Amino acid sequence: MTLTAVAWTVAGWLVVVGALGIVRSRNLVQTVVALSVAQSGTYVLLIAAGFQRGATVPILGAGGAGSTPVVDPLVQALVLTDIVVSATVTALLLALTVQIAKRHGTVDPDELRALRG
Amino acid sequence: MTGADVGRVDVVAPLAVTGPVLLACLVLVIGRWAPRPVVDALALVGAAALACCGGLLVAATSPGDAVTWLGGWAPAPGTHPVGIALVADPAAGLLVLLVGTLAAGGLLFSWRYFASVEARFQALVLLFCAGMTGFVLAGDLFTMLVFFELMGAVAYALAAYKIEEPRSLQGGLTFGVVNSLGAYLALCGVGVLYARTGQLNLAFLGETLAGAPPDGPAVVGVVLVLVGWLVKAAAVPFHFWLADAHAVAPTPVCVLFSGVMAPLGVYGVARVTAVVAPGVGTLAPVLVVVGTVTAVLGTVLCVVQRNLKRLLAYSTIAHVGLFLIGAADGGSRTWLVYLAGHAGVKAALFLLVGVLLARFGSVDEIDLHGAARTGRAPDRLTGALFLLAGLALAGLPPVGAGLGKAALEESVPGVLVPVVVGVSVVTAAAVLRAGLRVFLGVGPRPERRVDPERTSGEGEEREMSGRFERVPTTMLAAPTLLLAAAVVVGTLPLVGRVGAAAGERLADGTAYRASVLGPAHEAVPVEPVAWHLSGVVTGLGTTVAAVVLALVVLLSGRVPARRRRPVRRAVGRIVLGLERLHSGHVGDYVAWLLFGAAVIGIAVAAPTLG
C-alpha cells in the first residue's frame, strides 16, 4: 500500500471512529474529545491531499523556490485555520459540559432528560 | 456592468462581512462603561446598516454578478486563483438583507427583554450576522466552510446563552456536537474535491469538473459537502438538533435561527449543486425525496407539540423541507420569495411567544389556556398579531408567505402540490390552535398532566427580572414591524421581481462560472413572482381550511397528549414512536447523521457511478 493510500485510510478511520465514539459515549467529556478525534481525521486528509513524495517543507527563502519541489502550502494553511476553529469549538463545548455537570449533576448523556419529543 | 457598480460592490461586499465583526469588537469594548441604551442603539444601527448593504448589493448586481478578489489577488488570465473571491449576486444580496432585517428585529425586541444583559449578547448577534453574510458571499468552498463554522460556533454560544438553565445547556451542547460533525464531513468533502481538482474556488472547481463525466472522488466530495449543508438546513435525518436548539435559545435568537440560519443550508445546497455538480443527475431527485420527508415529518411533529417554541421549530423544519423541494425541483424562481415571506411571519411568531414568556412565565400551550385573556390592550394586540401571523402561515393573501406558497404550488410538479398545501394548512392549524387556546381560551380547559414523552413549556427561565405587568412598546413593535415586512414582501411587485431573478440566477451555475472566469453572461429577464387569481383562491382556501382544522381540534376537546379513540390508536402509536426517536440524546442524533450521510451517499453515487 502506498503512503498516500495509508494516509487516506487513516483519515477516514479517524472520522468514523470519532463519530462512533460520540454515539457510544457515556461521558460528555469523552463526547467532546471524540469530536476532536473526528476532526483530526480532516487534518490528515488535507495534509495527504497536498503531499508529494520527495518534496520539502513549503518555506521559501527570498530567492524563490529553487529547484526542490515543495509540498502544497495551501492545505497546510487550511489545516491551521481548521485547528483554530477546532480549539474554539472544543473550548466552548467543554465549558458547556462543566456547566452541565453543575446544573444536571451528571455528565452521562443517557441521564440528560430535559429535552424530548 | 459599469465600472461604478463594480466599485460600489468592491466596498459593500467586504463591508457586509467585516463591518459586523468590527462593530462587535467596538460594542464589547464600550459595553464595559457605556449605558445600555447606547450599546443597544449601536448594535441596532449596525444591523439596519447591514440590511442596507444587502439592498445595495441586490441593486448593484441586477445586471450581472460582481466578483471581488480580496486584497487585489485576482488571478491573471489562464492561471489558478490563489486569492479569495467574494461573489455577490442578487440571491446573496437578498439573504444579506434578510439577515440584517431579522437581526434588527431581534435586537429591537431585546431592547427591554433581557434584564441583566451585557454587551456580550449584542456582540454575539453581530458576529453571528458576520458568519451568515460571509457564508452567502464567499466564492470558494473553504471560505464558505470557515464562515459556516463561525456562524456555528457563535450559534452554539447563543443557544446556550442562559447558562444557568439545564435545558438550554443540553440543547446547546447537542446543537454544537451535531453541527460540528456536519461541518467536519463537509471539510472532508472539500479536501477530497481539492485533491481531485486542485481548486477551491467554486467557479474554477465547477469548470474543472464540468469537462468530464462525474467520477468517484468528485461525487463523494460533493455529497460530503452537501451533507454538511443539509445538517445546517435540518433536513431529515439531520434535523434533530433544530427543535432542541430552538426550544432553549433566547427568543430574539430564535428569530435568526429559524428565519435565516436553517434556510442558509438550503442556499448552500442550491449554490454548490448548481455551480459545482451540474453533471450529477441523481442529486435533484434525492434532494426532492429528502425535502418531502422533511416536510412531512416536520408537520406531523409540529402538531403534537405543547411547548410553543418547539411547535414553531418543527414548523420551520417542515418549511425548510419545502424550500429544499423548491430549490431542487423546478421552484428555483419562487423559493426565495417564500423564504423571505416565511422569515417575517415566523420571526413575528417567535417574538410573540417571547412576549408570552415575559408576561406569563411559560411557553406551554396547555398551561397558558386562556391565560392571555386579560382584556388589556397590549395582550389583545399580542393575540391579534399571533392569530394574524398564524393565518399568514396558512397562506393568507397578501402576506409574503402566501405569495411564496402560491408561487411554489404553481412551479413544483403536480405530485408535490399536496405536500406544499398540507404543510401550510396543518402547521398553520397547529399555530392557530395554540393561539386560540392561549389568547381566547377556546375549547374545554385541558387537564394539566406531567408528560414524560414530551418537552413541556414550564420552568423556562424568564429572560428578564420579574413578571412584566406591562409589555414594553419595543417588544410589540418588533413583531409588528416584521409582520409588516412580510406583508411588504407579498405586496411590493419589486420583491417578486428581484426574488424571481435571484432564484433563477442562483440555480444557473453556468452564468455564475462565467461571471468569475469571464466573459460574464448578460442577465436574462425572468418572469416575476406575482399573485394570480388561482393563487389568491387557493391561499384563501388553505387559510379557511387551517382555521376549520384548528377549531375542530379545539372543540373536540382533544389535547395533544391524549388519544382515546381506537381508530386513532394506530396513528397515535406511530406518532408516539416518532416522538420517542427525538430522545434528546446526542449519541442517537449522531448515529442518525451517519446513517443519513450513508443513505444519501449511496442514493446519489450508485446510479451515477454504476
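A few comments on the model shown:
- Under 5 Å from the amide H of B:Asp140 lie the amide H atoms of B:Ala85, B:Leu202, each residue being 5 or more positions distant or on a separate chain, with H modelled from the backbone and absent for Pro and chain starts.
- Segment B:57-78 versus segment B:375-442: alpha-carbon centroid distance in Å: 40
- Exposure proxy ranking for B:Ser180, A:Ser86, based on other Cβ atoms within 10 angstrom of each Cβ and starting from the fewest, stands as A:Ser86, B:Ser180.
- Lysines whose Cα lies under 25 Å from that of B:Lys232, excluding same-chain neighbours fewer than 8 positions away: B:Lys162, B:Lys309, B:Lys346, B:Lys405
- Alpha-carbon Debye profile of chain B, log10 I(q)/I(0) at 0.06, 0.08 Å⁻¹: -0.28, -0.50
- Residues A:Gln76 and B:Ala210, FRET efficiency given R0 of 45 Å [Cβ-Cβ distance, rounded to 0.05]: 0.95
- Peptides ranked, highest mean first, by Cβ atoms within 10 Å: ranges B:590-597, B:431-438: B:431-438, B:590-597
- Gyration tensor over alpha-carbon atoms, segment B:298-409, equivalent ellipsoid semi-axes in Å: 29, 15, 9
- When each of the peptides A:93-100, A:5-12, B:97-104 is scored by the mean number of other C-beta atoms lying within 10 Å of its residues, the order from highest to lowest reads B:97-104, A:93-100, A:5-12.
- Angle of helix B:119-137 to the longest C-alpha principal axis of chain B, folded into 0 to 90 degrees and rounded to 10: 40°.
- Counting only other chain Cβ atoms within 10 Å of each residue's Cβ, the peptide B:586-592 averages 6.
- Applying 0.36 nm per residue to the separation of B:Leu381 and B:Ala477 and subtracting their alpha-carbon distance, the gain on full extension is 33.5 nm.
- B:Phe595-A:Ala95 FRET efficiency (beta carbon distance; Förster radius 22 Å; 0.05 resolution): 0.15
- Three-way shape label, segment B:93-132, alpha-carbon gyration tensor, a/c 1.5: oblate
- Taking one quarter of the surface of the convex hull spanned by the alpha-carbon atoms of segment B:168-227 gives a direction-averaged projected area of 4.3 nm².
- Measuring between their Cα centroids, segment B:296-310 and segment B:326-345 lie 21 Å from each other.
- Those chymotrypsin sites (Phe, Trp or Tyr not before Pro) in segment B:46-114 that DSSP places in a loop and that have at most 11 other beta carbons within 10 Å: B:Trp73
- Shielding of B:170-176 by partner chains, average beta-carbon count, 10 Å: 6
- Shown here is the pair-distance distribution of segment B:150-200: with all Cα-Cα distances grouped in 5 Å bins from zero up to the longest one, the shares run 5, 21, 20, 15, 12, 9, 8, 5, 3, 1 percent.
- For chain B, the 222 nm mean residue ellipticity estimated from helices alone, with every DSSP H stretch of n ≥ 4 adding -39500 (n - 2.57) and the total spread over all residues, rounds to -23500 deg cm²/dmol.
- Space enclosed by the convex hull of the alpha-carbon atoms of segment B:49-125, per residue, Å³: 110
- Ordering B:Leu482, B:Leu368 from the fewest to the most neighbouring beta carbons within 10 Å gives B:Leu368, B:Leu482.
- Helix B:308-328 axis, angle to chain B major axis (alpha carbon atoms, nearest 10°): 30
- Sequence-distant residues sharing a close amide H with B:Val442 (under 5 Å, placed H): B:Arg437
- Gyration tensor verdict on segment B:1-92 (Cα atoms; rounded if a/c is under 1.5, prolate if a/b is larger than b/c, oblate otherwise): oblate
- Cα point-scatterer Debye curve for segment B:182-299, base-10 log of I(q)/I(0) at q = 0.12, 0.14, 0.15, 0.17 Å⁻¹: -0.47, -0.61, -0.69, -0.84
- Three semi-axes of the equivalent ellipsoid, segment A:21-83, Cα gyration tensor, whole Å, largest first: 35, 11, 6
- Calculated SAXS-style log₁₀ I(q)/I(0) at q = 0.07, 0.08, 0.10 Å⁻¹ - the protein assembly as shown, Debye, Cα scatterers: -0.44, -0.58, -0.93
- Inter-probe distance in nm under a simple model that places probes 7 Å from Cα toward Cβ, at A:Arg24 and B:Val82: 4.6
- Using a Förster distance of 45 Å, the FRET efficiency for B:Ala48-A:Leu60 (Cβ separation, nearest 0.05): 0.45
- Its residues counted as N, segment B:483-556 yields a C-alpha radius of gyration over 2.2 N^0.38 Å of 1.70.
- Each of the peptides B:199-205, B:312-318, B:398-404 was scored by the mean count of other Cβ atoms within 10 Å over its residues; in descending order, highest first, they stand as B:398-404, B:312-318, B:199-205.
- Principal axis dimensions, segment B:340-405 - Cα atoms, whole angstrom, descending: 34, 19, 18
- Counting Cβ atoms of other protein chains within 10 Å of each Cβ in B:190-199 and taking the mean gives 5.
- Centroid-to-centroid separation of segment B:530-549 and segment A:38-110 [C-alpha atoms, Å]: 52
- Helix B:377-394 vs. chain B, principal-axis angle (Cα, 0 to 90°, nearest 10): 50
No value in this document is a laboratory result; all are computed from the given coordinates. Please read all numbers here as calculations on a predicted model, not as lab measurements. Every residue, glycine among them, receives a Cβ derived from its backbone with ideal geometry; neighbour counts consider all protein chains shown.
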